[in-house]
1. How many of the residues making up segment 1-31 are among the polar types (S, T, N, Q), over 14 Å from LYS44 (Cβ atoms) and touching a residue at least 12 places away in the same chain (Cβ under 8 Å)?
2. Residue by residue through segment 50-92, note down the ones that are small (Gly, Ala, Ser), part of a loop (DSSP other than H, G, I, E, B) and either at pLDDT below 95 or more than 20 Å from ASP17 (Cα to Cα) (or both).
3. Restricting the search to segment 13-46, which residues are farther than 27 Å from ALA80 by Cβ and more than 13 Å from the ligand (Cβ to nearest atom)?
4. Somewhere in segment 93-110, is a residue more than 12 Å from the chain's Cα centre (by Cα), within 16 Å of the ligand (Cβ to nearest atom) and free of Cβ contacts under 8 Å to residues at least 24 places away in the same chain?
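The values are calculated or read from the model by the stated rules, or taken from the named source; none is laboratory data. Note that the structure is predicted; figures quoted are calculated from it, not measured. Neighbour counts are summed over all protein chains in view; Cβ atoms, including those assigned to glycine, are modelled from backbone coordinates with ideal geometry.
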Amino acid sequence: MSDSIFTKIIKGEIPADKVYEDEHCIAINDINPQAPVHVLVIPKKQIPTLADAQAEDQELLGHLLLTAGTVARQLGVDEAFRLIVNNGEGVGMTVYHLHLHIIAGRELAEGKMVG
Ligand code: AMP
């Protein structure tokens, strides 16, 4: 599997606006934000999509959710934020390296996916 753009960011080959990092994942500001807060939580392991995740990834997937909460708290949006995981071209996935979108900072109308 060739390196995704996110793996290149994780390796430091491409710059990014990092807001969090630990042993298992990073969080960066989205380059094309859809809301005042739009952060991506990205595992260091390059899993293409959620549907590609395996039982052995269970702990990592839990860690990503916990990290989303930590990052939301860090950014002061833990009272109101939305998580989005795109899976596949049919829903507009563009980077085939699993990531969670944290979206917050303005009114997110009920039923709207990205605000
Ligand atoms: P998705 O449609 O779920 O695959 O989302 C991919 C996201 O990655 C989009 O919101 C892009 O704006 C974002 N993105 C792509 N390249 C970069 C980059 N170099 N730095 C930060 N965000 C990026």
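1. 1
2. Result: ALA53, ALA80, GLY88, GLY92.
3. Of all residues in segment 13-46, those farther than 27 Å from ALA80 by Cβ come to 13-15, 23, 44-46.
Once the filter is applied, which keeps residues that are farther than 27 Å from ALA80 by Cβ and more than 13 Å from the ligand (Cβ to nearest atom), segment 13-46 yields GLU23, LYS44, LYS45, GLN46.
4. Yes, segment 93-110 has at least one match.
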